[in-house]
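Just so it is clear, none of the values below were taken in a lab; they were calculated from the coordinates. A quick note: this is a predicted structure, and the numbers were derived from the prediction, not measured. Glycine also receives a Cβ, built like all others from the backbone with ideal geometry; neighbour counts cover every protein chain displayed.
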Amino acid sequence: MTEQDAGVEELMSSPVESVPSDTTMADAARTLTKESIGSLVVGDDRILGIVTESDLVSAVGEERAPETPIEGLMSDPVVTVRRSESVRTAAERMGHNGVKKLPVVEDGKAIGIITTTDLALHLPDYQVNMAHQAEADIVDGEWE
């Protein structure tokens with residue numbers, strides 16, 4: 001079995017931090033900081049959405065009040081992967097859907113999460129399809 005064919009269960013972080021949809025932006029930010037994580041699953045019995053650090057930063061930039069419920073800024077529906085699926089499947093699902101956080105589900109409930117950082121650390125030799133030329137807005141000497 002190759003690294004890409006390993007199960008997501010081997011790579012996922014667990015347990016997942018989940019919060020109710022009426023959680024405020026301020027409380028969500030405190031939880032992210034306290035737990036040193038980048039996202040929260042919204043909903044306990046059923047995944048209603050996901051809120052990330054980026055969502056909170058954008059909301060602050062829009063000058064939303066800290067008491068704003070995260071329900072208004074969470075992403076939904078949530079792209080997920082089953083615990084029985086492979087790391088390759090998870091990576092492809094992330095790429096095809098443009099997401100960086102992928103909850104791992106069992107019976108509709110989040111039991112773990114896999115991130116692009118997890119993939120980068122786990123699959124250092126995994127083939128990455130690169131563009132044939134640099135993006136037009138990249139200036140010589142500028143690196144991202």
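Listing for the model above:
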{"item": "Neighbour-count ranking [beta-carbon atoms within 10 angstrom, fewest first] of VAL79, VAL51", "result": "VAL79, VAL51"}
{"item": "Theoretical gain in end-to-end length, SER36 to THR24 [0.36 nm per residue, Cα-Cα removed]", "result": "2.5 nm"}
{"item": "Quotient of Cα Rg and 2.2 N^0.38 Å for the range 3-122, N being how many residues it contains", "result": "1.04"}
